[in-house]
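Have a look at the structure below before the remarks.
The values are calculated or read from the model by the stated rules, or taken from the named source; none is laboratory data. The shown structure was predicted, so the numbers you read here are calculated from the model rather than taken from an experiment. Neighbour counts run over all protein chains shown; Cβ positions are idealised from the backbone, glycine included. For accessibility, only protein heavy atoms count, side chains too; no ligands or nucleic acids. Shrake-Rupley method; radii C 1.70, N 1.55, O 1.52, S 1.80 Å.
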Amino acid sequence: MTLPLTIAWLGNLIDMVATLILVAHGYHEANPIMRPLLNYPILFVAVKLGLMAALLCYLWHERTSRLAVIASWIAAMIYTSIRIYYGVFFAML
């Protein structure tokens, strides 16, 4: 259970840093919920890290649940997809 949570956490960090870099260069946040927070970068970082930390702590607490294990792997796959997207995107710049 540690592996998918670690993958998701690292993916979240990469997503956060890449978003801040891209927004600084004129791109926009695709997530309409997080977009307004980019006017306040410290708040954006706090919310991004805080929400993910809360989710991962909850999944860790429920780690004996089959549903929590599945959700952990889904989160890991989503953030792996995001990392691949950023890798391709930055390679094309």
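Can you work out which of the residues in the stretch 1-35 that are under 21 Å from residue 87 (Cα atoms) and of a type in the set (Val, Ile, Thr) is surrounded by the most Cβ atoms within 10 Å (Cβ to Cβ)?
19
Please tell me if residue 91 is of a type in the set (Gly, Ala, Ser), loosely packed, with under 12 Cβ neighbours inside 10 Å and either at pLDDT below 95 or over 14 Å from residue 18 (Cα atoms) (or both).
In short, yes.
Does the stretch 58-71 include one or more residues that are closer than 25 Å to residue 92 by Cα and hydrophobic (A, V, I, L, M, F, W, C)?
Residues of the stretch 58-71 closer than 25 Å to residue 92 by Cα: none.
Checked against the condition, which is being closer than 25 Å to residue 92 by Cα and hydrophobic (A, V, I, L, M, F, W, C), the stretch 58-71 yields no hits at all.
Condition first: among the β-branched types (Val, Ile, Thr) and either more than 13 Å from residue 15 (Cα to Cα) or buried (at least 16 other Cβ atoms within 10 Å of the Cβ) (or both). Now tell me which residues in the stretch 68-79 satisfy that. I'd like the intermediate steps shown before the answer.
Here is the first cut: in the stretch 68-79, the residues among the β-branched types (Val, Ile, Thr) are 69-70, 74, 78.
Listed by number, the residues that qualify are 69, 70, 74.
Go through the residues of the stretch 36-52 one by one and say whether even a single one is at pLDDT 95 or above, closer than 23 Å to residue 3 by Cα and open to solvent by 80 Å² or more (accessible area, probe 1.4 Å).
There is at least one residue in the stretch 36-52 that is at pLDDT 95 or above, closer than 23 Å to residue 3 by Cα and open to solvent by 80 Å² or more (accessible area, probe 1.4 Å).
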